[in-house]
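A.B. asks: The structure that follows is given in the form of structure tokens.
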Amino acid sequence: MRVTELNVYPVKSLSGITLERAVLGERGIAHDRNWMVVDDVGRFVTQRQMPAMARIAVRLESDRLLLEHPEVAPLAIELARSDQPSLTAYVWEDACRALDEGPEAAQWLNSVLGDWKGSGLRLVRFAPDERRSVEPFYQQGENAHTAFADGYPFLIASEASLAALNQALQRKGLSPLPMNRFRPNIVVQGAAPFAEDGWSELGSPEGYRFGIRKPCQRCKITTVDQATGSIAIPGEPLKTLMEMKTQPFRPGAYFGQNATLLEGRDQFISVGDSLVG
């Protein structure tokens, strides 16, 4: 097996950035889900509620984060800034201390996306000294934590699994889907379809090692075309994944595996790296 794709998503639910090489950290690939869009009470807002978030492009430069949209000038956020006022932000049931990126960022988001159910939108950054633990039930002694990801610092997906899903979609007369519908951090090649569901670890001769901890239950974000921010076929690929029963003892649609970092903090992971399960 080998790594064929690496992605980082600096702002939760906005466009990702494809990388050739990335630094591994306990909270994921460097900068992954370090920022998040929230409403007036600090509750996270994603493509589940606002599919158009997919149209906001994200770039990382040496000293700043850039958000870009075809209808407005880019928004620049300093990476090193840490003097913002703090607030409480909520991801599912977790309350996290976050830093407010201020009125300019809020105005930019609202001009691009509009209000969410009458609420304004704000951009927040995960506080550097905050620690949001991964659910302990699925850990195996690693004491993992993450930033604003749904629950885990890494999402690993397989090209063979996507090929099997696309074959099932095509048998129904539907178009195949790109991997970006599933927003993985790490994509691998060389395993059998859905072999990842039987892994306990995934590592490389370079020294990093992931703990494969929980199948990823998929939501309506997989129905959003990441290029247009629109839903082309309501319910797909969720319906097909449920029919495939990739997790026969779990209700719902599953694709990919949530993972934690067991070894290799501050090491590089690169496209082309060899892997063993």
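The values are calculated or read from the model by the stated rules, or taken from the named source; none is laboratory data. Owing to the predicted nature of the structure, the values given are computational and were not obtained by experimental measurement. Cβ placement follows ideal geometry from the backbone for every residue including glycine, while neighbour counts extend to all protein chains displayed. Just so you know, the surface numbers come from the protein's heavy atoms only, side chains and all, with ligands and any DNA or RNA stripped out. Shrake-Rupley method; radii C 1.70, N 1.55, O 1.52, S 1.80 Å.
A.B. asks: Going 7 Å from the Cα of SER82 in the Cα-to-Cβ direction, what parts of the stretch 97-120 have a backbone nitrogen less than 19 Å from that spot?
C.D. replies: Residues passing the 19 Å test: 97-102.
A.B. asks: Would you mind calculating the relative contact order of the stretch 58-119 from Cα pairs under 8 angstrom and at least 6 residues apart, reporting the percent as a whole number? Please report the intermediate quantities before stating the final value.
C.D. replies: Values: 59 pairs, mean separation 13.4, N = 62.
Reported as a whole number, the value is 22 percent.
A.B. asks: Once mean projected area of the Cα convex hull in nm² is worked out from the coordinates, which option in (1) 23.7; (2) 14.2; (3) 13.0 does it equal?
C.D. replies: The value matching this structure is (2).
A.B. asks: Right, something else. Taking all protein chains as present, what is the carbon and sulfur share of the accessible area of the chain, in % to the nearest whole number, probe 1.4 Å?
C.D. replies: Working: 6060 of 12340 Å².
With neighbouring chains kept in place, the figure for the chain is 49 percent.
A.B. asks: Accessible area, 1.4 Å probe, largest first: how do LYS239, LYS117, LYS245 sort?
C.D. replies: Numbers: LYS239 105, LYS117 170, LYS245 135 Å².
I get LYS117, LYS245, LYS239, largest accessible area first.
A.B. asks: Give the lysines whose C-alpha is closer than 30 Å to that of LYS117, dropping any in the same chain fewer than 8 places away, or say none.
C.D. replies: The reachable lysines, counting only those whose Cα sits under 30 Å from LYS117, are LYS12, LYS220, LYS239.
A.B. asks: So the label point goes 7 Å from the Cα of PHE249 along Cα→C-beta, right? Which residues of the stretch 138-179 then have their backbone N under 18 Å from it?
C.D. replies: 138-140
A.B. asks: Rounded to the nearest 0.05, what FRET efficiency do LYS172 and GLU93 give with R0 = 35 Å and r taken as the Cβ-Cβ distance? Could you check?
C.D. replies: Result of the calculation: an efficiency of 0.45.
A.B. asks: Something else now. Per DSSP H run of n ≥ 4, the term is -39500 (n - 2.57); total these for the chain, divide by its residue number, and report the mean residue ellipticity at 222 nm rounded to 500 deg cm²/dmol.
C.D. replies: On the way: 3 runs with 31 residues, N = 277.
Using -39500 (n - 2.57) per qualifying helix, the result is -3500 deg cm²/dmol.
A.B. asks: Same structure, new question: I need to check one value: relative contact order of the chain, counting alpha carbon pairs closer than 8 Å and at least 6 residues apart, in percent. Can you show the working numbers first?
C.D. replies: Details: 612 pairs, mean separation 68.8, N = 277.
Over the chain, the number comes to 25 percent.
A.B. asks: Over the chain, give the accessible area per residue in Å² for a 1.4 Å probe, as an integer.
C.D. replies: Heavy-atom accessible area per residue stands at 45 Å².
A.B. asks: Amide H of GLU201 versus every other amide H placed in the peptide plane: which residues, excluding those fewer than 5 positions away on the same chain, fall under 5 Å?
C.D. replies: Here ILE212 satisfy the definition.
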